[in-house]
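Before any comments, here is the structure.
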Amino acid sequence: MPKRNHNYLVTFHKLCACIIALYILGSCSKPNRNKNIFHYNESSGIATLDPAFAKSQSVMWAAHQIYNTLVETDNNLNMVPSLAKSWEISADNLTFTFHLRNDVVFHDNDAFVNGKGRLMTASDVEYSFKRIIDKNVASSGAWIFNDRIDTAEGFRAIDDTTFQLKLLKPFNPILGILSMQYCSVVPQEVVNKYGKDFRSHPCGTGPFQFIAWEEGQALILTKNIKYFEKDSTGEPLPYLDGIKITFYDNKATEFLEFQQKRLDFINDIDVSFKDEVLTKKGELRKEWEGKIILQKHPYLNIEYLGILFDSTNDLLKNSPLRNKKLRQAINYGIDRKKMMLYVRNSIGIAAESGFVPAGLPSFDSIKVKGYLYNQTKALQLLKEAGYPNGEGLPRIKLLTIPQYADLGSYIANELQQIGIKVQVEAIQKSLLLEQTSKSQALFFRGSWIADYPDAENYLSVFYSKNPAPPNYTRYKNPAFDALYEKALAEKNDSLRNIIYQDADRYVIEDAPVVPLWYDMVVHLVHPHVTGFIANGLNLLELRRVRINK
């Protein structure tokens, strides 16, 4: 009898899930505002709901709703508790002991006894972290623990509410690593039940739980009524009843859906309609004022041009780009402020400081001076490099992707004015990634989005012991390497930021890159949405969002 009753409950639960999904999905002709549902579109689709493979923004956004990590970043990019309520660091900076909450339960799932979610314990954290480095799993996040974790005792559940992590050597950004979606805590029995299909049967402890996913159509999440967090007044989070994610791959269609209030917000403004919405100064055009809200926030992303630095590479041996003065001339020869106005509608900040972007504590445009537009200086450096007014300088090929063809044209025009001829070649993103990874690209457009909010993440791009990625330019400077390693062992945040600045100055002086702009998060949001706050990682935060009917 109990078994029969259990089967009935499971069937009933599944039927309810289908009805809920159909009810929410059924609002095609107009948005259903009788439900407190947040609607957004993911034009790139979602490849998986398994956090071990959360390498793209679309997966990270969905994973952040379904799962929790030990620690997380707040809106100001400070590390704050999540599943761990507190932690201690040993005197040698190698052992991190986390004290976990004892009131966190996993979402209901058939893999659990009677289908009811159980308490999360330290053993779940140990399992989740070991799963990331399991070669059989082949997680795209395995790199986060490479050469950092003690392989014998790296992850250990001391008891149900105490988890310990041991490092091989001091690495202060480890808390930032643990806030990444890769480090989401998952239950072993659910992973075992579904195997590879866990990607489409996710189970976590997060504010929203999985209901239905019709790939290419929509993904439905519903409020987790057992979620552990409350707001400052004691009201349970989240406020929303659910989330509906659609997958229109056409940006024009997405914008139309937003205009008709079928979507609550749009992330970023596509080039096809940016001039319709924004002025050149990056403000809303008058016809949109009062109808939508424009959110802008510093984004931990830098857009740049990379220059191959490895002097042993045959490509560089015969290239004038091996000359530091030519690389510096290129940096001085681009008017970044004008570029931001006419190419970017003032979305972002001209990168006239270091490689570490605005928004991080170590960023200081006075202490780390970059390249201001200076044609006279550029021409002088060209002359010193042996190419007066560009004479004798062969054409340089710049590789980019079609999305940034207009940027490539702007760069080529700017450098043409000082005698540097640039041939822009737009290739598919996958091919560009392949060529930069194999050191087959001399001059290329690139970007670096922070994996976690620490300047180390950006400076790792130039550490000579790192492969490509992240060191696409194959930059090597022993003095830089020494500073990078020194920063990793420094406990004091203020002192570590000074070291980061010193290291950043080496990168600017050697010019293996041409920093272009420090990016901005740009959201278009309907006024009926409240509590929707942008952050530097552009992580979709919906726990405190409300839809005002």
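Every read-out reported here was derived from the displayed coordinates using simple, explicitly stated rules and does not represent laboratory data. Note that the structure is predicted; figures quoted are calculated from it, not measured. Ideal geometry is used to build each Cβ from the backbone, glycine not excepted, and the neighbour counts take in all protein chains shown.
Just a few scattered comments:
- Helices in the chain that qualify as membrane-span-like (whole DSSP H runs, Cα extent of at least 20 Å along the helix axis, mean Kyte-Doolittle hydropathy of -0.5 or higher) are 2-25.
- DSSP-defined beta bridges in the chain - what % are antiparallel, rounded to 5: 85
- Cross-link pairs beyond the 27 Å C-alpha cut-off, checked among Lys166/Lys296; Lys369/Lys476; Lys130/Lys223: Lys166/Lys296; Lys130/Lys223
- The phi-based Karplus calculation (6.51 cos²θ - 1.76 cosθ + 1.60; θ = phi - 60°) puts the 3J(HN,Hα) values of the stretch 357-365 at x, 4, x, 9, x, 7, 5, 7, 5 Hz, whole numbers, x for Gly and Pro.
- Over the stretch 84-206, Cα pairs under 8 Å with separation of 6+ residues give a relative contact order of 29 percent.
- Label-to-label distance for Thr151 and Gln380 is 5.4 nm, based on points extended 7 Å past Cα in the beta-carbon direction.
- Reduced Cα scattering model of the stretch 179-239, Debye log10 I(q)/I(0), q = 0.28 Å⁻¹: -1.21
- The stretch 509-525 and the stretch 264-324 have Cα centres lying 6 Å from one another.
- Relative contact order of the stretch 298-521, defined on C-alpha pairs under 8 angstrom at six or more residues apart (%): 36
- For the stretch 94-158 versus the stretch 177-246, the spacing of their alpha-carbon centroids is 16 Å.
- Here is how the number arises for the chain: DSSP H runs of 4 or more residues each give -39500 (n - 2.57), the sum is divided by the residue count, and the result at 222 nm is -8500 deg cm²/dmol.
- Computed over the stretch 298-521, Kirkwood Rh from alpha-carbon pairs, angstrom: 17.6
- Classified by the C-alpha gyration tensor, the stretch 450-494 has an oblate form. Its axis ratio a/c, with a ≥ b ≥ c, is 1.5 or above, and a/b does not exceed b/c.
- Rounded to whole numbers, the Karplus 3J(HN,Hα) couplings from phi for the stretch 90-104 are 5, 4, 8, 6, 10, 10, 10, 10, 10, 9, 8, 5, 10, 10, 9 Hz, using 6.51 cos²θ - 1.76 cosθ + 1.60 with θ = phi - 60°, and x at Gly and Pro.
- Antiparallel bridges, percent of DSSP beta bridges restricted to the stretch 298-521 (to nearest 5): 70
- Annotation: amide H-H contacts under 5 Å for Val105 (H modelled 1.01 Å from N, sequence separation of 5 or more, or interchain): Met120.
- Cα-Cα P(r), the stretch 181-322, percent of pairs per 10 Å interval: 8, 21, 25, 23, 15, 7, 1
- One entry in [x] 85, 54, 43; [y] 83, 53, 50; [z] 91, 59, 41 is Cα extents along the principal axes in Å calculated from the shown coordinates; its label is [z].
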